[in-house]
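Engineer: I have a structure here, written as structure tokens, and I will follow up with some questions on it.
No lab work stands behind these numbers, since they all come straight from the coordinates. What you see is a predicted model; the values in this text were computed from it and never measured. Note: ideal-geometry Cβ built from the backbone for every residue, glycine included; neighbour counts use all protein chains shown.
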């Protein structure tokens, strides 16, 4: 097979995965806003019934519009970023934790197999894009992992002590402020 044709074919397949993910993430992202944005709040009459795991999960998502809006908007933004060469890895970075969370929720709350399969296909699509761009991903990871300065043991010890003290102060500050009255 001609090298140019092979490159075009593999690039086309990679874009196919991105377009598939873009389409489903946008559909599901907008769907969350439509589904949970109807203004209907936590249907308390359901609490006295035996509920399936999926109903419990919908109750959770329906309690507040903010969470489904955040997830839905993130899915749409991440999906749009997948369409462009320069932003596709940023889109993957946004969408990977979301789709992983969705798969975990689907498994824990026993959501129907069809929804789980769609979520798994989206995870596979994102992993394929990352694999396709593996050289860039490895390059970025190496930049993040590499230290620009070699620290002495004494400098590391000082940083450790400062870090532990800072975390203790932060813990108690949050504890103090968490006891303040709410802003209702």
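Engineer: For volume of the Cα convex hull per residue in Å³, pick the label among [x] 123; [y] 205; [z] 220 that corresponds to the value derived from the coordinates.
Structural biologist: From the options [x] 123; [y] 205; [z] 220, the structure gives [y].
Engineer: Using a simple spin-label model with points 7 Å from Cα along the Cα→Cβ vector, what separation in nm is obtained for residue 34 and residue 151?
Structural biologist: With each label point 7 Å from Cα toward Cβ, the separation is 5.1 nm.
Engineer: Take the Cβ-Cβ distance between residue 139 and residue 23 as r, set R0 to 35 Å, and report the resulting FRET efficiency rounded to the nearest 0.05.
Structural biologist: For R0 = 35 Å, the calculated efficiency reads 0.75.
Engineer: Also, I was wondering about something else. What's the whole-number percent of alpha carbon pairs in region 69-115 lying beyond 17 angstrom?
Structural biologist: Roughly 41 percent, once rounded to a whole number.
Engineer: Okay, next question. Just to verify a number: FRET efficiency for residue 120 and residue 51, C-beta to C-beta distance, R0 = 25 Å, to 0.05?
Structural biologist: So, using R0 = 25 Å, E works out to roughly 0.50.
Engineer: Relative to the present Cα-Cα distance, how much length would full extension add between residue 87 and residue 3 at 0.36 nm per residue of separation?
Structural biologist: 27.6 nm
Engineer: Kindly put 25, 60, 36, 84 in sequence by how many other C-beta atoms sit within 10 Å of each C-beta, fewest to most.
Structural biologist: 84, 60, 36, 25
Engineer: From the helices alone, meaning DSSP H stretches of at least four residues, give me the mean residue ellipticity at 222 nm for the chain, per-run term -39500 (n - 2.57), in deg cm²/dmol to the nearest 500.
Structural biologist: Rounded to the nearest 500, the figure is -26500 deg cm²/dmol.
Engineer: Place the peptides 14-20, 104-110, 87-93 in order of packing, highest mean first, counting for every residue the other Cβ atoms within 10 Å and averaging per peptide.
Structural biologist: The most tightly packed comes first, giving 87-93, 14-20, 104-110.
Engineer: So, one more: Would you mind ranking 22, 70, 128 by Cβ crowding within 10 Å, fewest neighbours first?
Structural biologist: Ascending number of Cβ neighbours within 10 Å: 70, 128, 22.
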